[in-house]
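The values are calculated or read from the model by the stated rules, or taken from the named source; none is laboratory data. These numbers come from a predicted model, not from an experiment. Note: ideal-geometry Cβ built from the backbone for every residue, glycine included; neighbour counts use all protein chains shown. To get the accessible areas, we keep the full protein, side chains included, count just its heavy atoms, and leave off ligands, DNA and RNA. Shrake-Rupley method; radii C 1.70, N 1.55, O 1.52, S 1.80 Å.
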Amino acid sequence: MDNSRRTFLKSISMLAASTALPLSSFAFGLGNEKLKVTLVGTGIRGNSFWGKRLVDTYHEILEFVGLCDINPGRLAYAKEYIGVKCPTFSDFEKMINETKPDLVIVTTKDSAHHEYIIKGLEMGCDVLTEKPLTIDEDKCQAILDAERESDRKLIVGFNYRWSPYTTRIKELLKNDTIGKLVSVDFNYYLNTSHGASYFRRWHGLREEGGTLLLHKATHHFDLMNWWLDSDPEEVFAYGDLEFYGSNGPFRGENCRVCDFKDKCDFYWDITKDSKMMKLYVDHEKHDGYIRDNCLYRPEINIYDKMSAQVKYSNNVVMNYSLTTYSPFEGYRVSFNGIKGRIEAWRHIPYLQDAHIDQKDMHAEEMNQNIDALNHEPLIIHKLWNDYKTEVVSSEKGGHGGGDKRLHDKIFVNPNKKDEFDRAAGVRDGAMSILIGIAARKSIESGNPIRIEELTTLVPRAKRLL
Ligand SMILES: NC(=O)c1ccc[n+]([C@@H]2O[C@H](COP(=O)([O-])OP(=O)(O)OC[C@H]3O[C@@H](n4cnc5c(N)ncnc54)[C@H](O)[C@@H]3O)[C@@H](O)[C@H]2O)c1
């Protein structure tokens, strides 16, 4: 890896001159040795993927100059875990004023993203936010306005695009393998470990995570927008809560003190997980964030089954569903074109004759160090021909290898032309959440919702890059 500051700066300036990629305007203070980075939101994603991994991998080209969180205990732990000496702050503006960073990384819970994205841009920083961009259309519009008025840039960390498997699908579609696309079926299955985890935490409240149609499906809708290379135009959806929340047969205050430990299939002994204890339980006293909360608590107000039909501006129709208590985790997607069909899937145990440990699977997925490969097939079936099976190899950890490729793109190879246009900016971030917002509105109103009614963004038959 050539990671000298000179090469890095040259890459950035070449990028700015030659392309419209959203990474083009990283602003470096002249005379700084390294890219000055601050991070707000020192939970698991901030600590690990955007914290420790950046320090371990890119310490020659960047340095953390500040960390911020509303929980002082977790903040202190993050500083130690990430392995940095920079100051910590509970006040974001104070951090920006005192540390003058080039880049702000936003990894708070979803409902606070807009606040830091907008403040960061207004205070003259480039901003990189975790998905989802935000959780409703008003906040989305405020972000769009702030980005337009700022000369800084906003990047959305869509890691799924960077996995070799999803990239191969993009390549096949881009190469017109099955002709003009007409329809897509996309089914995503969250298992009783990963799926359930959302109902234990802030994600279970729509005012915090916008429902899983945003928090989770933003990944899937972004993939689809990128695969189809078109913007969504209209959405009709159904959704309900039938399994978690008040549907549960019993409930307790949290797993640790629950009277139903022996009866509950979801009982989880967090005290056996030292990382979870150090990151969350040890700091509960500051903000009441209970990591092993009861997933049958009555205040849960998100959907646990969701189904949406999305009509794209290029006339493709996508049927989407998200299940949150499947016995296995994975997805199936099939594309119908006028010359044939592509079928793809990941992690479906019966289709690969595998017995995957569903409990460990998510931990493995989130693990940045697992480079062991999965070899997974996809089917290309042209009309009037026999089908062909193609095997694609992707890393097991780090979201199918997407995580590390996204990092390299941002911090090592920003100038490298990417024939698949995997870098995502504010328009991509917005278009993916607008599908979720429209789906939510459709469920609530019983009507189809047009994307153009939500913000000033006008959907296009071919995506704007
Ligand atoms: N791309 C991916 O694959 C991926 C994976 C996991 C999480 N994420 C995203 O990362 C973000 C963080 O998720 P997580 O799992 O680390 O959650 P988490 O609950 O572990 O951490 C959230 C952190 O934000 C802090 N926080 C909450 N409100 C805040 C506020 N107003 N100001 C400052 N800090 C605040 C909390 O104290 C906590 O430390 C979310 O937006 C999530 O969608 C993305």
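Ratio of Rg to Rh for the chain, alpha carbon only, Kirkwood? Here Rg/Rh amounts to 0.95.
Pairs exceeding a 24 Å alpha-carbon distance, out of 170/404; 79/416; 94/416; 109/416: 79/416; 94/416; 109/416. Given +1 at the Cβ of Lys and Arg, -1 at the Cβ of Asp and Glu and no other charges, the dipole of region 325-463 around its Cα centre is 780 debye to the nearest 20. Could you point to the residue in 373, 443, 398 farthest towards the positive end of region 330-462's charge dipole, with +1 and -1 charges on the Cβ of Lys/Arg and Asp/Glu respectively? Value: 443. When Rg and Dmax are taken over the Cα atoms of region 242-321, they come to 17.9, 54 Å.
Residues in region 302-337, backbone N under 12 Å from the label point at residue 275 (7 Å along the Cα-to-beta-carbon vector): list them, ranges by number please. Within reach of a label on residue 275: no residues. Taking a Cβ cut-off of under 9 Å around residue 451, the surrounding Lys, Arg, Asp and Glu residues balance to a net charge of -4, with basic ones at +1 and acidic ones at -1. Can you work out the PRE-style zone for residue 309? Point 7 Å along Cα to Cβ, and I want the residues of region 169-185 with backbone N under 15 Å. Residues 183-185 qualify, since their backbone N sits under 15 Å from the label point.
Applying a 10 Å radius around every beta-carbon, put 127-138, 385-396 in order of their mean neighbour count, most first.
127-138, 385-396
Extension gain for residue 253-residue 338 works out to 25.2 nm (0.36 nm per residue, less the C-alpha to C-alpha distance). Exposure check, 1.4 Å probe, all protein chains in place: residue 381 carries approximately 70 Å² of accessible surface. Accessible surface comparison of 258, 68, probe 1.4 Å, protein chains only, largest first: the order is 258, 68.
Within 15 Å, Cβ to Cβ, of residue 465, how many net charges do the neighbouring residues add up to if Lys/Arg are +1 and Asp/Glu are -1? Neighbour charge sum, excluding residue 465 itself: +4. If the chain linking residue 97 and residue 458 were pulled fully straight, counting 0.36 nm for each residue of separation and taking away their Cα-Cα distance, it would gain 126.4 nm. Note on residue 162: accessible area approximately 10 square angstrom, rounded to 10, probe 1.4 Å, nucleic acids and ligands left out. With protein chains left intact and a 1.4 Å probe, residues in the chain average 42 Å² of accessible area per residue. For region 288-443, the fraction of alpha-carbon pairs lying more than 23 Å apart is 59 percent, rounded to a whole number.
Less than 13 Å Cβ to Cβ from residue 268, Lys/Arg counted +1 and Asp/Glu -1: what total charge do the surrounding residues give? Intermediate values should be presented prior to the final figure.
Values: positive: 200, 201, 256, 261, 272, 291, 359; negative: 265, 269, 273, 292.
So the environment of residue 268 carries a net charge of +3.
Structural descriptor for the chain: relative contact order 21 percent, calculated from alpha carbon pairs under 8 angstrom and at least 6 residues apart.
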